[in-house]
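**Student:** Quick one: this structure, given as structure tokens, is what I'll be asking you about.
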Amino acid sequence: MLILCMDGHQQLAESLSKALAAEVLPLESRHFPDGEWYFNLPANVEGEDVVVLCHLHQPNDKALGLLFMAAHLKEMGAERVGLVAPYLAYMRQDIRFQPGECLTSKYFAKLISEHFDYLVTIDPHLHRYHHLNEIYSIPTRTLHATRIIGEYLRQLSEQNPGDPLLVVGPDEESEQWAKTVATAAGCEHLVLTKTRSGDRDVAIDIPDVERYRNHLPVMVDDIISTGRTMLRTAEQLQQQGLKHPLCIGVHAVFAEGAEAEMCAGPIADIRTCNCIPHNTNQIDISYLMTPAILELILELTSSKTEATTEGKA
Ligand code: R5P
């Protein structure tokens, strides 16, 4: 098995390579002065299983590079080409709110499905879609960082037993992970209501939480993008006299200016998983992915063997 790291996330590539006993392929990549991609892969991939690692944050340029490399690997004789995208982009435009809006989630999924044999990802934004196979036609595995985050919080609370934790999910969608995180951490959780009226326009509705004044609130969300969801939640908690919360995100997207704005607000600290490399990464998700990759390869190998046997019979 070979690993091709397309996003410069070397730390994740190295730990995957150790876990899978797979070699990381050398890749020369750069942009020509006009912005077009140049790739050179000086390696023999014939008959090999190639795992392409790419987190798809800032996806547009990366996505085109991915499609080129998938096509190239197949042409060079790779047996299977899988995509491991710890952060999967283009999942949030999952409905047409207005008749002319483009369903990018669906078209992006079609492009990836046409070029890769399988997909492994972590906490994709499944809101109106319930499963990736509603838009992806290749085998997929959706992994969750919730248990790892819960464990991280359990350790944190063992180190500070005086501060009981309260996991706060900022909106209805976060119910799914707030509950699992709280169970794994051994603490209570609370889910709030969010109204978004623009990219950076977020309002959070909060019930009476004064009874949690001695708790340390921990806001947990899948994506931190503009940071407004976290910021507005923190402000509401502060208004009711709660301590400055800790902020945990699975995907450190951080749109321009978001981190600085959050740091200036009533937030104690920001910690994220290393799906997207960022200076707030403190929670390691690398070991989540290995079993899923192996399982998918096994599945695809055995369905190919079955098909061959049937063909011979
Ligand atoms: C959306 O519904 C997600 O679960 C996150 O709450 C959202 O992406 C966060 O975005 P922002 O940081 O821009 O408020």
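**Student:** Roughly how big is the chain's charge dipole about its Cα centre, with Cβ charges of +1 (Lys, Arg) and -1 (Asp, Glu), in debye to the nearest 20?
**Tutor:** Dipole about the Cα centre, nearest 20: 400 debye.
**Student:** Ok, one more. Just need the relative contact order of the chain here, percent rounded to a whole number, with Cα pairs under 8 Å and 6+ apart.
**Tutor:** For the chain, the relative contact order is 12 percent.
**Student:** Cα axis of helix 286-312 to longest principal axis of the chain: angle in degrees, 0 to 90, nearest 10?
**Tutor:** With rounding to tens, the tilt is 40 degrees.
**Student:** Test of the criteria: in the stretch 209-313, which GluC sites (Glu not before Pro) are in a DSSP loop and have at most 11 other Cβ atoms within 10 angstrom of their Cβ?
**Tutor:** Qualifying residues, ordered by number: E256.
**Student:** Expressed in nm to one decimal, what extension gain is obtained for the pair A203 and A19 from 0.36 nm per residue of sequence separation less their Cα-Cα distance?
**Tutor:** Here the answer is 62.0 nm.
**Student:** At 0.36 nm per residue, minus the direct Cα-Cα distance, what do F68 and Q282 gain on full extension? Give it in nm, one decimal, please.
**Tutor:** This chain segment gains 73.8 nm when fully extended.
**Student:** On to the next question. Calculated FRET efficiency, A268 and A43, Cβ-Cβ r, R0 35 Å, to nearest 0.05?
**Tutor:** So, using R0 = 35 Å, E works out to roughly 0.15.
**Student:** In addition: What does the charge dipole of the stretch 146-283 about its Cα centre add up to, to the nearest 20 debye, if the Cβ of each Lys and Arg holds +1 and the Cβ of each Asp and Glu holds -1?
**Tutor:** 220 debye
**Student:** So which chymotrypsin sites (Phe, Trp or Tyr not before Pro) in the stretch 63-170 pass both tests, a DSSP loop state and at most 15 other Cβ atoms within 10 Å of the Cβ?
**Tutor:** F97
**Student:** Run through the DSSP bridge list for the stretch 146-283 and note the antiparallel percent, rounded to the nearest 5.
**Tutor:** 20 percent
**Student:** Any idea how far the Cα center of the stretch 204-252 sits from the one of the stretch 7-79, in Å?
**Tutor:** 38 Å
**Student:** For the chain, find the longest principal axis of its Cα atoms and tell me its angle to the long axis of helix 10-20, 0 to 90°, nearest 10.
**Tutor:** Between the helix axis and the principal axis of the chain, the angle is about 60 degrees.
**Student:** Run the numbers on the stretch 146-283 and let me know its relative contact order in percent, using alpha-carbon pairs under 8 Å that are six or more apart.
**Tutor:** Relative contact order for the stretch 146-283 comes out at 20 percent.
**Student:** Hey, which of these cross-link pairs are over 30 Å Cα-Cα: K62/K179; K18/K62; K18/K194?
**Tutor:** Too far apart for the 30 Å limit: K62/K179; K18/K194.
**Student:** Right, here's the next one. So what's the back-of-envelope 222 nm ellipticity for the chain, counting only DSSP H runs of four-plus at -39500 (n - 2.57) apiece and dividing by all residues, rounded to 500?
**Tutor:** -11500 deg cm²/dmol
**Student:** With both partners inside the chain, how many of the DSSP beta bridges are antiparallel, as a percent to the nearest 5?
**Tutor:** 20 percent
**Student:** Given H placed 1.01 Å from N in the peptide plane, which residues other than close sequence neighbours of V84 have an amide H under 5 Å from its amide H?
**Tutor:** It is V52, L53, C54, V120, by chain and number.
**Student:** Does anyone have the angle between helix 228-239 and the longest principal axis of the chain? Alpha-carbon axes, 0 to 90°, nearest 10?
**Tutor:** Roughly 20 degrees, rounded to the nearest 10.
Every number in this text was worked out from the coordinates using simple rules, so none of it is lab data. As the structure is a prediction and not an experimental result, all values here were calculated from the model. Don't worry about glycine lacking a Cβ; one is built from the backbone with ideal geometry, like all the others, and counts go over all protein chains shown.
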